[in-house]
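The values are calculated or read from the model by the stated rules, or taken from the named source; none is laboratory data. As the structure is a computational prediction, the values presented were derived from the model and not from experiment. Cβ placement follows ideal geometry from the backbone for every residue including glycine, while neighbour counts extend to all protein chains displayed. Heads up: the accessible areas ignore ligands, DNA and RNA and are worked out on the full protein's heavy atoms, side chains in. Shrake-Rupley method; radii C 1.70, N 1.55, O 1.52, S 1.80 Å.
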Amino acid sequence: MIRRIFITAVLLAIVAAVAAWFLSAPTTLSQTAFADLPDADLARGEEMFWAGGCNSCHAAPGAKGDEKLVMAGGLALKSDFGDFYAPNISPDKDAGLGNWSFSDFANSMKMGVGRDGEHLYPAFPYTSYTRMDMQDLNDLWAYMKTLPASSNVAPAHELGFPFNIRRAVGLWKRLYLKSGSVVRFASSDEAIQRGQYLVEGPGHCGECHTPRSLIGGLKLDVWLSGAKNPDGEGVIPNITPGGGLKSWSAGDIAYYLESGFTPDFDSVGGSMVSVQANMAKLPAADREAIAAYLKAIPAHGNGY
């Protein structure tokens, strides 16, 4: 009897291991996703660069002025799972993405899969970028190839067991990598729709402003309700109509994104400094769309 139970347990463990192996396999975009894309538009690509805040993580720490266009990597992103380091995504062929194709880039952005078929850790916010339009990705890729190359090699991630097992990220993705809209609106207001795309997609606002589960997935049911600062100091504010923006008008929000000044004449601080500087480079209509979206989403109490 004991022998039979042992054999059954072993067989079940083998079946579970095989199932986990297949379920955790990296998935890439089909070739049809790349069909009939128009020629890349560099101006639109630059707008996506600022909307996505690429330089906030991938420029060298402390970069100023034109140095912010050198995507040398190296910034440490601290978390409960270990320290991640933003990679070099400049056009350098050895240290950066110089040998990547658009297909490689699109798969990293939408599927969280690297050029060698490996899972990327979700410290890279592909859980938001997966909502981006393929044409916008194509434009962004074309623009990024015009930026200066850097030979800097970013440090390797510093992760302990079991978080250093990349294959396990495949199971995590099955829970948290979702391409659909987070918020559903009854209205088809164009400004709100544009703001939704920018906030939920390239702007990846939810990656900081939404609380996470114990295994690091976004709690979409309390979207943008604020979260603990992953660096351990303070909190990331609630930006729903039930939080810190409750008394702000849409105009206040748009002006803040443009100027960095709040309605109380305070100024932007912390990690939002870089985000606001990027948002200031977007067309005014995009900042107004973001504001319209933030005023239209469901209100939540503080998520932290």
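In vacuo Debye scattering of the range 190-296, one point per C-alpha: log10 I(q)/I(0) at q = 0.17 Å⁻¹?
-0.79
For the pair Ser179/Ala156, report the inter-label distance in nm, with labels modelled 7 Å from Cα in the Cβ direction.
According to this spin-label approximation, the distance is 3.3 nm.
Using modelled backbone amide H atoms (1.01 Å from N, in-plane), which distant-in-sequence or interchain residues come within less than 5 Å of Ala227's amide H?
HN-HN under 5 Å from Ala227: Ile236.
Residues with beta-carbon under 12 Å from that of Ala40, excluding Ala40: net charge, scoring Lys, Arg +1 and Asp, Glu -1?
So the environment of Ala40 carries a net charge of -3.
In square angstrom, what is the accessible area per residue of the chain with a 1.4 angstrom probe?
That works out to 52 Å² for each residue.
If you rank Thr130, Thr146 by how much accessible surface each has, with a 1.4 Å probe, what is the order from largest down?
Heavy-atom accessible area, descending, gives Thr146, Thr130.
For the pair Tyr304/Lys64, report the inter-label distance in nm, with labels modelled 7 Å from Cα in the Cβ direction.
2.9 nm
Normalise the Cα radius of gyration of the range 213-253 by 2.2 N^0.38 Å (N = residues in it) and let me know the number.
Relative to the rule-of-thumb radius for its length, the range 213-253 sits at 1.34.
Would you mind counting up the charge near Asp231? Only other residues with Cβ under 12 Å from its Cβ, with Lys and Arg at +1 and Asp and Glu at -1.
Value of the local net charge: -1.
To the nearest µm²/s, what D does Stokes-Einstein give for the chain at 25 °C and 0.890 mPa s, using the Kirkwood radius over alpha carbon pairs as Rh?
Estimated via Stokes-Einstein, D reaches 119 µm²/s.
At a 1.4 Å probe radius, which order do Val183, Val70 fall into by accessible area, largest first?
Val70, Val183
Among Ser187, Ser128, Ser79, which one shows the highest mean-square fluctuation when the chain is modelled as a Gaussian network with alpha-carbon springs under 10 Å?
Top of the fluctuation ranking is Ser187.
Can you compute 3J(HN,Hα) from phi for each residue in the range 215-229, using the Karplus curve 6.51 cos²θ - 1.76 cosθ + 1.60 with θ = phi - 60°, rounded to whole Hz and x for Gly and Pro?
Along the range 215-229, the couplings run 9, x, x, 6, 8, 5, 6, 10, 3, 6, 8, x, 7, 5, 5 Hz.
Mind listing the long-range amide H neighbours of Val113? Cut-off is under 5 Å, sequence gap 5 or more, other chains count too, H placed in the peptide plane at 1.01 Å from N.
Amide H to amide H, under 5 Å and 5 or more residues apart or across chains, Val113 pairs with Ser108, Leu120.
Can you compute the helix-only [θ] at 222 nm over the chain? Use -39500 (n - 2.57) per DSSP H run of at least 4 residues, normalise by all residues, nearest 500 deg cm²/dmol.
-11000 deg cm²/dmol
What nm value, rounded to one decimal, do you get for the distance between Asp41 and Ser187 when each label is placed 7 Å out toward the C-beta?
Reported label-point gap for Asp41 and Ser187 is 2.5 nm.
Just to check, using Stokes-Einstein with a Kirkwood Rh over alpha carbon pairs, what's the diffusion coefficient of the range 91-177 at 20 °C and 1.002 mPa s in µm²/s?
Using the Kirkwood radius from Cα pairs, D works out to 152 µm²/s.
Taking the 0 to 90 degree range and rounding to the nearest ten, how far is the long axis of helix 42-52 tilted relative to the main principal axis of the chain, both from C-alpha atoms?
70 degrees
Between helix 2-23 and the chain, what is the angle of the helix's C-alpha long axis to the longest principal axis, kept within 0 to 90° and rounded to the nearest 10?
40 degrees
Excluding Trp141 itself, what net charge comes from residues whose Cβ is under 14 Å from its Cβ, given Lys and Arg +1 and Asp and Glu -1?
Taking every Cβ under 14 Å from that of Trp141, the sum is -4.
Only Cα pairs under 8 Å and at least 6 apart count here; give the relative contact order of the range 190-296 as a rounded whole percent.
With pairs under 8 Å counted, the relative contact order is 31 percent.
In percent, what relative contact order does the chain have, based on Cα pairs under 8 Å that are 6 or more apart in sequence?
After rounding, I find 18 percent.
Pick from Phe84, Phe34, Phe105: which residue has the top mean-square fluctuation in a GNM of the chain where Cα pairs under 10 Å get a spring?
Most flexible of the set in this elastic network: Phe34.
When the accessible area of the range 207-304 is split by element with a 1.4 Å probe, what percent falls to carbon and sulfur?
The computed percentage sits at 57.
Enumerate the calculated ³J(HN,Hα) couplings along the range 194-210 in order (Karplus 6.51 cos²θ - 1.76 cosθ + 1.60, θ = phi - 60°), each rounded to whole Hz, writing x wherever the residue is Gly or Pro.
So the J values, rounded to whole Hz, are 5, x, 4, 4, 5, 6, 7, x, x, x, 6, 4, x, 5, 9, 8, 10.
Write down the radius of gyration of the range 64-142 and its Dmax, each obtained from C-alpha positions, in Å.
For the range 64-142, the Cα radius of gyration and maximum Cα-Cα distance read 13.0, 35 Å.
Hey, got the dipole for the range 190-296? About the Cα centre, +1 on K and R Cβ, -1 on D and E Cβ, debye to the nearest 20?
Computed about the Cα centre, the dipole is about 200 debye.
With the chain treated as a Gaussian network of Cα nodes joined by springs under 10 Å, which of Gly206, Gly82, Gly45 yields the largest mean-square fluctuation?
Answer for the Gaussian network model of the chain: Gly82.
Taking amide H positions as placed in the peptide plane 1.01 Å from N, state which residues far from Asp41 in sequence (5 or more) or on other chains have amide H under 5 Å from it.
Long-range HN contacts for Asp41: Asp139.
What angle do you read, to the nearest 10 degrees and between 0 and 90, between the alpha-carbon axis of helix 102-111 and the longest principal axis of the chain?
The answer is roughly 80 degrees.
Please work out the C-alpha center-to-center distance from the range 172-244 to the range 261-296 and express it in whole Å.
Value for the Cα centre distance between the two parts: 16 Å.
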